[in-house]
Amino acid sequence: MKKLRNNQSGLTLVEVLLAILILGFIASTFVLLSGNIVKTNMVSNKESQSMAFATIISELVKNEYKTNPSSLKNGSTVTLESTVIDESSTPRLNPDYSIKQEIFIPKQNESTRFEGIKYMSGKETGYQYSVTNILKYEQNASNGAPSAKDKYIEIIVTVKNKEIGDEESIIFRHHFDNL
């Protein structure tokens with residue numbers, strides 16, 4: 001009769017199954033985390049795009065006021081323009097990703113309703129903008145009464161992403177000598 005050895009080496013079936021189960025759990029955790037990372041990255045990109053639109057529009061409005069002071073009281077329009085070039089065979093404008101749109105600047109102490117920002121092809125970008133134009137006065141430190149030199153314009157540009165509901169606002173104040 002053969003003698004059984006007590007020092008058998010190797011893994012049992014239960015140990016192999018347990019190792020596979022643990023590795024599967026670790027792998028599924030990485031898959032779930034990577035999905036959340038992609039989603040978070042997408043939301044972050046959309047928030048950044050909202051802020052970029054708000055910054056560009058606020059700079060356009062500010063430059064319009066500097067070059068055309070009467071637009072402070074009467075309202076005006078500026079052109080939001082962003083061009084994407086498609087260099088597939090010959091460089092040309094890609095209207096599905098390029099923007100050229102009039103942005104309405106409201107009269108003093110008014111605001112616009114949210115308007116959609118569209119690509120040149122007419123497709124929606126998923127973003128909306130609103131501009132508020134407010135004439136304000138700083139309080140004079142000595143007597144508390146505002147004077148003509150204490151006037152300033154406060155412009156609030158808000159851009160909203162319709163898909164994620166994110167809203168980014170930029171507020172800038174500008175003192176003008178001719179208010």
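Readers should treat all values here as calculations from the given coordinates under stated rules, not as data from a laboratory. Just so it is clear, the model here is predicted, and its values are computed rather than measured. Note: ideal-geometry Cβ built from the backbone for every residue, glycine included; neighbour counts use all protein chains shown.
Computed quantities for the displayed model
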quantity: Net charge of Cβ neighbours under 12 Å - reference K160; Lys, Arg +1; Asp, Glu -1; calculated: -3
quantity: Protection proxy ranking of 153-160, 29-36 - average other beta-carbon atoms within 10 Å, highest first; calculated: 153-160, 29-36
quantity: Gain in span if fully extended, L33 to V84, counting 0.36 nm per residue against the direct Cα distance; calculated: 15.0 nm
quantity: Links that overshoot a 20 Å alpha carbon limit, given the list K62/K136; K62/K162; K46/K107; K66/K118; K39/K123; calculated: K62/K162; K46/K107; K66/K118; K39/K123
